[in-house]
Amino acid sequence: MTVMIFDLTFVSHLFPTHQGMDQDGAIVDRVYTDSRETVTNGLFVPIIGDRFNGHDFILQVVEQGAVAALWQNDQPVPDDVPNDFPLFFVDDTLHALQQLAQAYRDDIDPTVIGITGSNGKTTTKELIGTSLSQFFRVTKTEGNLNNLIGMPLSILTMPRDTDVLVLEMGMNQFGEIERLSTIAKPDIAVITNIGESHIEYLGSREGIAKAKSEIVAGMPDDGFLIIDGDEPLLDSQLVRQMIRCGFESGLDYVVSNVVQHDMNTTFRVNGSDVSIPLLGRHQAKNSAYAIAAADILKVPQRDMIQTLADLTLPSMRFEHIQSSSGAVLINDAYNASATSMKASIDVVKQMAYSNKVLVLGDIFELGEHRVTEHQKVGTVIDQSISALITIGDASQHIHEGLTASFSGKAHHVQTIDEAKGILEPWLQPDTVMLFKASRGMTLETLIDALD
């Protein structure tokens, strides 16, 4: 497998205005935007943000291994940039990065699978990408590089012999998924669900559904759209070839007989038995999306089901940590919405531990829905939960939604240090603790302090 991405003639074809083209045939092994990185044979793209300007660091990237850079026309070029260092002049470096990614996607021409949704994007990306890697040469989004900067960078990491490119697409405003879709041109698209993430900017769940549905913008006429068939807001003919997955009868892929065990979940999809090393009904549905995508690509279903049984996921996504005290700490602190928090709580409620402790922090980007969305989380906390500890500001409203059957201990604190003192007495064998909040709450630091 070659690791070469392209040479500078590829860039000069896209952006013909340049200076210092003595390195015409220089190989570009990586395109990057972070000037702090030392990158051999890198093409640097200086992005202008609210608080930074990548152009200010051009001399640093020259010293650290860059072989060329894009350059925005309205930015002055420092006199001490070497004359033989290629600069490609563009009107807007962010747009140029996206153009470069789109051109490279077209040049390699893999089968592209784009994944969006309020919750479960990364898990579904991992389910699809990891499973399909048993049958194809697969490149997938690393981490959560899923926005208008990150997704183009993900495309540009693709080796030239890639068969299938699996891309996660995130957003917080209308128009962003449309732009990502026109860059990636997905042959297969997945909308995992419609929740409440970014409702502050999109106004309603209907607005969220509209924004997620923008993923069809770049699809070809013969593309496939896989959706959450249990979600009425997605029950419209967005494209010609729609595939609906969910728990309701009559869908294209029906998930049934879901049983959560200690370390895995078993279920059936259209009558076939499936086992995954993940916990919860929501993961069964995410797996159905992966099975549907594999069917489109003509992977034998029994082979796909076998690969699903042997998966690992990135850290901070329901990661089980066996602490020195004997308690099990579940790190699900990567991100949160009311929907995903409720799903994680439902998983914990079914686990076979004497003590079940919830450590929940604030959910961000809810705007005027801040109170009601946190209250919704409380409605699934019942007598099976031993203790609830909330941390931050808005999470105090979770207590307002608690069911009448909840009889456990309840605490609200402002800081992680305060929570640590409350949690320490619960650190004992036969206790499970769930940690979940929006990423900015950094609950993983609390887990580190307790482990």
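The values are calculated or read from the model by the stated rules, or taken from the named source; none is laboratory data. Remember, it's a predicted structure, so these values are computed and weren't measured experimentally. Virtual Cβ from ideal backbone geometry, glycine too; neighbours counted across all protein chains shown. Note: areas computed on protein heavy atoms with side chains; ligands, DNA, RNA excluded. Shrake-Rupley method; radii C 1.70, N 1.55, O 1.52, S 1.80 Å.
Taken over the Cα atoms of the stretch 375-437, the convex hull encloses 81 Å³ per residue. Accessible surface for residue 136 stands near 60 Å², nearest 10, in the context of the full protein assembly shown (1.4 Å probe). Of all DSSP-defined beta bridges confined to the chain, some 25% are antiparallel rather than parallel. Residue by residue, the stretch 219-228 carries 3J(HN,Hα) couplings of 6, x, 4, 9, x, 10, 10, 9, 10, 6 Hz when phi is fed to the Karplus relation 6.51 cos²θ - 1.76 cosθ + 1.60 (θ = phi - 60°); x denotes Gly or Pro. In this simple spin-label model, placing a label point 7 Å from the Cα along the Cα-to-Cβ direction at both residue 259 and residue 26 gives a separation of 6.2 nm.
Only four residue types carry charge here, +1 at the Cβ of Lys and Arg and -1 at the Cβ of Asp and Glu. Report the dipole size of the stretch 14-158 about the Cα centre in Debye, rounded to the nearest 20.
860 debye
One compactness figure for the stretch 359-405 is 1.08, namely its Cα radius of gyration divided by 2.2 N^0.38 Å. Given 4 °C and 1.567 mPa s, compute D for the stretch 283-328 with the Stokes-Einstein relation, Rh being the Kirkwood radius over Cα pairs; round to the nearest whole µm²/s. Translational diffusion coefficient: 102 µm²/s. Contact order, relative form, for the stretch 311-357: 25 percent (alpha carbon pairs under 8 Å, 6 or more residues apart, mean separation divided by residue count).
Extension gain for residue 414 to residue 73 (0.36 nm times residue separation, less C-alpha to C-alpha distance): 118.0 nm. Projected label points at residue 40 and residue 439, each 7 Å from Cα along the beta carbon direction, are separated by 3.0 nanometres.
Evaluated at q = 0.16, 0.19 Å⁻¹, a Debye calculation over the C-alpha positions of the stretch 230-366 (equal weights, vacuum) places log10 I(q)/I(0) at -0.95, -1.22. When the helices of the chain are scored as -39500 (n - 2.57) per DSSP H run of n ≥ 4 and the total is divided over every residue, the value at 222 nm lands at -8000 deg cm²/dmol. Orientation-averaged projection of the stretch 295-351 equals 6.0 nm² [convex hull of Cα atoms, one quarter of hull surface area].
Of the trypsin sites (Lys or Arg not before Pro) in the stretch 78-185, which ones lie in a loop per DSSP and count no more than 16 other C-beta atoms within 10 Å?
137, 160
Evaluate E = 1/(1 + (r/R0)^6) for residue 80 and residue 312, where r is the Cβ-Cβ distance and R0 equals 56 Å; express this FRET efficiency to the nearest 0.05. Calculated value: 0.70.
Could you pull out the trypsin sites (Lys or Arg not before Pro) across the stretch 1-67 that fall in loop regions by DSSP (anything but H, G, I, E, B) with no more than 11 other Cβ atoms inside 10 Å?
36, 51
In the chain, Cα pairs under 8 Å separated by at least six residues give a relative contact order of 11 percent.
The convex hull drawn around the Cα atoms of the stretch 332-434, when projected onto a plane and averaged over every direction, covers 6.0 nm². With viscosity 0.890 mPa s and temperature 25 °C, the Kirkwood radius over alpha carbon pairs of the chain converts through Stokes-Einstein to a diffusion coefficient of 104 µm²/s.
In the stretch 1-98, the ratio of gyration radius to Kirkwood radius, Rg to Rh, stands at 0.93 when only Cα atoms are counted.
Divided by 2.2 N^0.38 Å, where N counts the residues, the Cα radius of gyration of the stretch 46-149 comes to 1.38. The percentage of C-alpha pairs in the stretch 170-293 whose separation is greater than 21 Å is 43%. Taking every Cα-Cα distance in the stretch 62-217 and sorting them into 5 Å bins starting at zero, the pair-distance distribution P(r) comes out as 2, 9, 17, 19, 16, 13, 10, 8, 4, 2, 0 percent. Projection of the Cα convex hull of the stretch 246-291, averaged over all directions and equal to a quarter of that hull's surface, yields 2.7 nm².
Kindly state, to the nearest 0.05, the FRET efficiency for residue 324 paired with residue 56, given R0 = 35 Å and r defined as their beta-carbon distance.
Numbers: r = 46 Å, r/R0 = 1.33.
My answer for the efficiency is 0.15.
Spin-label pair residue 147-residue 109: with each label point 7 Å from Cα along the Cα-Cβ axis, the two points sit 3.4 nm from one another. Computed extension gain for residue 303 through residue 393, at 0.36 nm per residue and net of the alpha carbon distance, reaches 27.7 nm. Averaged per residue, the chain has 41 square angstrom of accessible surface, using a 1.4 angstrom probe with ligands and nucleic acids left out.
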